[in-house]
Amino acid sequence: METALFLPRLRQAVAAVLPEIVALRHDLHRNPELSGSEERTAGIVSEWLTRHGIAHETRIGDTWGVVGVIESRQGRGERTFALRGDMDALPIHEERETSYKSMVPGVMHACGHDGHTANLMGAALVLNALKADLPPGRVKLVFQPAEETVRGADVMVAAGVVDDVDAIVMLHGWPVLAPGVIGVRNGPVMASSDQFLLTITGKGGHGAYPHDTVDPIFIGAQIVSNLQSIVSREISPVQPAVISVTQFFAGTPAATNIIPGTAKLGATVRALSPDVRKTLPERIERVIAGICAAHRATYEYKYSHGTPVTVNDTAVTDLLREVGRDVLGAENVVELPEPTMGAEDFAYYLEKVPGAMFRLGTGCEYLLHTPKYDFGDAPLEAGISMMAETARRFLEKGA
Ligand code: NI
């Protein structure tokens, strides 16, 4: 079916599911669950999919992940498009007064994943209702747990969720854009997130006799400041990278006259280019080793890789632009001015298949991860329409 003929049916189908999806979001918002504990949320997702006759599997990779599949009435086709929504909440106490305020003290949907889950369910119901009009192919619905701890996506990928997928898309609520507006961008949009832990071992002693000690605080302080030379003197100024030493533990709280024997440091390390990211563990250790050797200390260095860089595929992002123009109007599709150094575990899917994330305006006056953030109901219509139509059009282009 041609796009022009299909769009009115899409609008009708979205309008038809909207009231129940709004109710679903309120229910999820009232009952937030922390990363890895999304038992109730996953149960509700599964219940809804069952009620609407959508085939799905639960407990993916032994997590609370749920994956549904909608097959076109016109056949299985050759292409599979995936839509991803995350389900977990944050350990923040909600301060916003609404009829659907969190009923769990200290836990709330401060990143709007209630909206993401409800939105994906809305797209599922719309695609399911219109599956006679879907070009041959399949749409996978990936309800993912544990995004906030970035432990969900890699497990889903390891369980083979995207093995048969040709492209994948996700959305994230974005308070600085108005509802009905989306933000898109090609290439790297979110940073890799790695970390290191360092123990410097010197020789403790009396603060009055530093010459008899090997002072790990003095050495640690030099490491902290010299690590910044990697960002400012080794990596191209047009390639963003961040090395933030965020932990420095040393000394005895009870006394100021004791030089400790050890100091422990911890840091977060970020980059927007997979190539730059690869070079960072060695560069950091070289600086640490050099400074420790210069001052007679030894060290133990543990670097661990976390989330990869989220790199939007240009063709998939172009598809989002095209669908955005048709569904929301050209004035409501904006180019995001810059990437962010935050991380998103959607990057794990993008290491396997091309895909893209887009920002969906929520117009909330408060920022993500704050006690008054709310995804709201207003973004749902645009979000559901975007996801459903992007999936349909991807299959159409392959037909
Ligand atoms: Ni989030």
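The values are calculated or read from the model by the stated rules, or taken from the named source; none is laboratory data. Since we're looking at a predicted model, the values are computed, not measured. For neighbour counting, all protein chains shown are included, and Cβ atoms are generated from backbone atoms with ideal geometry for every residue, glycine included. When the accessible area is computed, the model is the full protein with side chains, heavy atoms only, and any ligands, DNA or RNA have been set aside. Shrake-Rupley method; radii C 1.70, N 1.55, O 1.52, S 1.80 Å.
Here Lys131 is the anchor, and the lysines within straight C-alpha reach of less than 18 Å, apart from those fewer than 8 places off in the same chain, are Lys140, Lys397. Computed with a 1.4 Å probe on the full set of protein chains, the accessible area for Met103 sits at about 120 Å².
Using C-alpha pairs below 8 Å separated by at least 6 residues, the relative contact order for the stretch 192-307 is 45 percent.
For the set Val334, Val327, the ranking by accessible area, highest first and with no ligand, DNA or RNA atoms included, is Val334, Val327 under a 1.4 Å probe. Within the assembled protein chains, the solvent-accessible surface assigned to Arg79 is about 70 Å², based on a 1.4 Å probe. Using a cutoff of 8 angstrom between alpha carbon atoms and counting only pairs six or more residues apart, the relative contact order for the chain works out to 25 percent.
Once a ≥ b ≥ c are taken as the square roots of the eigenvalues of the Cα gyration tensor of the stretch 71-160, is the result rounded (a/c under 1.5), prolate (a/b larger than b/c) or oblate (a/b not larger than b/c)?
oblate
Only Lys, Arg, Asp and Glu carry charge here, each on its Cβ (+1 for the first two, -1 for the last two); on that basis the stretch 192-307 has a dipole of about 120 debye about its Cα centre.
Extension gain for Glu331 to Arg296 (0.36 nm times residue separation, less C-alpha to C-alpha distance): 6.4 nm. The lysines within cross-link reach of Lys101, meaning a Cα-to-Cα straight distance under 29 Å and a gap of 8 or more places when in the same chain, are Lys372.
Magnitude of the charge dipole for the chain, about its Cα centre and with charges confined to Cβ atoms of Lys, Arg (+1) and Asp, Glu (-1), is about 420 debye.
What FRET efficiency comes out for Ala255 versus Thr314 if R0 is 41 angstrom and r is the Cβ-Cβ distance? Round to the nearest 0.05.
Once the sixth-power term is evaluated, E becomes 0.10.
Is the C-alpha gyration tensor of the chain telling us rounded, prolate or oblate? Criteria: a/c under 1.5 is rounded; beyond that, a/b larger than b/c is prolate, otherwise oblate. In terms of gyration-tensor shape, prolate. Computed with every protein chain present, the accessible area of Leu177 is close to 30 Å² [probe 1.4 Å].
To put it simply, the accessible area of the stretch 192-307 at a 1.4 Å probe is 56 percent carbon and sulfur.
Please state the shape class of the stretch 191-308: rounded when a/c is under 1.5, otherwise prolate if a/b exceeds b/c and oblate if not, all from the C-alpha gyration tensor. Can you show the working numbers first?
Numbers: a/c = 2.70, a/b = 2.21, b/c = 1.22.
Note, shape of the stretch 191-308 comes out prolate.
Here the spin labels are modelled as points 7 Å beyond Cα on the Cα-Cβ line, and at Lys352 and Ser244 they lie 3.0 nm apart.
Residues Glu234, Glu97, Glu282, ordered by accessible area of protein heavy atoms at a 1.4 angstrom probe radius and largest first, appear as Glu97, Glu282, Glu234. Positive end of the dipole of the chain (Cβ unit charges, origin at the Cα centre): among Val176, Phe249, Thr80, the Cα lying farthest that way belongs to Phe249. Taking a cut-off of 29 Å between Cα atoms, list the lysines near Lys278, but don't count ones fewer than 8 places away on the same chain. Qualifying lysines at Cα under 29 Å: Lys264, Lys302, Lys352. Projecting the Cα positions of Val155, Gly220, Leu134 onto the charge dipole of the chain (unit charges on Cβ atoms of Lys, Arg, Asp and Glu, taken about the Cα centre) puts Gly220 furthest along the positive direction.
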